[in-house]
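Colleague: Before we start, here is the structure in question, set down as structure tokens.
The values are calculated or read from the model by the stated rules, or taken from the named source; none is laboratory data. Note that the coordinates shown come from a computational prediction; the quantities given were computed from them, not determined experimentally. Methodologically, a virtual Cβ is constructed for each residue, glycine included, from the backbone with ideal geometry; neighbour enumeration extends over all protein chains shown. For the accessible areas, the whole protein counts, side chains as well, though only heavy atoms, and no ligand, DNA or RNA atoms are used. Shrake-Rupley method; radii C 1.70, N 1.55, O 1.52, S 1.80 Å.
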Amino acid sequence: GIDVVGGTMSVSKTVSIPKLPTYTIKYNANGGSSTPDDQTKYYGKAITLAKAISRTGYTFQGWGTSASDTTVDYKAEASYTTNASDTFYAIWKINTYKVTFDANGGTGGPTSQTKTYGKDLTLTTSAPSRTGFDFLGWSTSKTATSATYPTGKTNVYKDNKAITLYAVWKKKTYTVTYDAKGGTVSPTSHTKTHDVALKLATPTRTGYIFKGWATSSTSTSVAYAPGANYTSNAKITLYAVWEIEYKKPTISNLQVSRCDGSGNPVGDEAETS
């Protein structure tokens, strides 16, 4: 029943808006390096959960509702919509590192092992093989001539990182031993390398001619002539074969006399040559 002429009429009204319920979200780093700040969640409104955190030697998997949880309830920065307070625990997976073995020209042997963070790894004793070579162990370099992790001992890998280990090889060698059989020879043995020909030594013996080497101490036949090469990939003992050196005889200081039938010198006639 009010008329307004030539003016403005205002009306005010006060209303009460109820405050939305809130919920507190807490975090437990569960061994991690830092704990995220608490968050407040309002009824009916979603929040974004904390980012991934870090822990030396571990990889963050997500958030769980128990310190012993292994199952992830929420990934990092996931949307949380439940209208309830809660504490989330970081879930961790311990880091592992692959140790790969490269036979480096050989065959067989191990392929890989898994190293766990903070735990020493005992390297396998399984070894590759290679014709004509001896396996020395493993090295971090493909061209190494000595092993970082040699055979014949317990090798432990301590580093927390992936690595490739390469087989270290050395060509096989064989000892060739000489028996001069009354003569002299230097050296008394040689070392032959696998698949590399070895020139055999030549002995000497006064009054004898060297015929060659035999493979038996009683043999008179020659298996290797003087100056021959030994090509077999095996150790061996060789025996010298000798022949007496022939020298044409000579006669010196010979005296010739005329003799009677009994062999007695007759007269003064004698000749010496």
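Colleague: Just the residues that are loosely packed, with under 15 Cβ neighbours inside 10 Å, under 60 Å from the mean Cα position of the chain (by Cα) and either free of Cβ contacts under 8 Å to residues at least 60 places away in the same chain or at positive phi (or both), please, taken from region 4-41. Steps first, please.
Modeller: Going residue by residue through region 4-41, those that are loosely packed, with under 15 Cβ neighbours inside 10 Å are 4-22, 24, 26, 31, 33-35, 37-38, 40.
Subset that is under 60 Å from the mean Cα position of the chain (by Cα): 24, 26, 31, 33-35, 37-38, 40.
Once the filter is applied, which keeps residues that are loosely packed, with under 15 Cβ neighbours inside 10 Å, under 60 Å from the mean Cα position of the chain (by Cα) and either free of Cβ contacts under 8 Å to residues at least 60 places away in the same chain or at positive phi (or both), region 4-41 yields Gly31, Ser33, Ser34, Thr35, Asp37, Asp38, Thr40.
Colleague: Taking Ser66 as the residue in question, decide whether it is among the polar types (S, T, N, Q), over 30 Å from Leu165 (Cβ atoms) and open to solvent by 90 Å² or more (accessible area, probe 1.4 Å). Please lay out each step first, then the result.
Modeller: On the way: among the polar types (S, T, N, Q): yes; over 30 Å from Leu165 (Cβ atoms): yes; open to solvent by 90 Å² or more (accessible area, probe 1.4 Å): no.
No; evaluated as a whole, the condition is false for this residue.
Colleague: Further question: Conditions: (1) open to solvent by less than 90 Å² (accessible area, probe 1.4 Å); (2) assigned to a loop (DSSP other than H, G, I, E, B); (3) more than 30 Å from Lys115 (Cβ to Cβ); (4) at pLDDT 95 or above. Lys45 meets all but one. Number of the miss?
Modeller: If we test Lys45 against (1) open to solvent by less than 90 Å² (accessible area, probe 1.4 Å); (2) assigned to a loop (DSSP other than H, G, I, E, B); (3) more than 30 Å from Lys115 (Cβ to Cβ); (4) at pLDDT 95 or above, just (1) comes out false.
Colleague: Okay, moving on. Restricting attention to region 198-224, which residues are under 35 Å from the mean Cα position of the chain (by Cα) and open to solvent by less than 60 Å² (accessible area, probe 1.4 Å)?
Modeller: Let us first name the residues in region 198-224 that are under 35 Å from the mean Cα position of the chain (by Cα), namely 198-199.
If the condition is that a residue be under 35 Å from the mean Cα position of the chain (by Cα) and open to solvent by less than 60 Å² (accessible area, probe 1.4 Å), then Leu198 is the only one that fits.
Colleague: From (1) of a type in the set (Val, Ile, Thr); (2) at pLDDT below 90; (3) within 43 Å of the chain's Cα centre (by Cα), pick out the condition that doesn't hold for Thr56.
Modeller: Exception for Thr56: condition (2).
Colleague: Thr164 passes all but one of (1) more than 30 Å from Thr231 (Cβ to Cβ); (2) polar (S, T, N, Q); (3) not in a strand (DSSP E or B); which number fails?
Modeller: Unmet for Thr164, out of (1) more than 30 Å from Thr231 (Cβ to Cβ); (2) polar (S, T, N, Q); (3) not in a strand (DSSP E or B): (3).
Colleague: Is it true that Gly132 is open to solvent by less than 40 Å² (accessible area, probe 1.4 Å) and among the small types (Gly, Ala, Ser)?
Modeller: Details: open to solvent by less than 40 Å² (accessible area, probe 1.4 Å): yes; among the small types (Gly, Ala, Ser): yes.
So Gly132 fits the description; yes.
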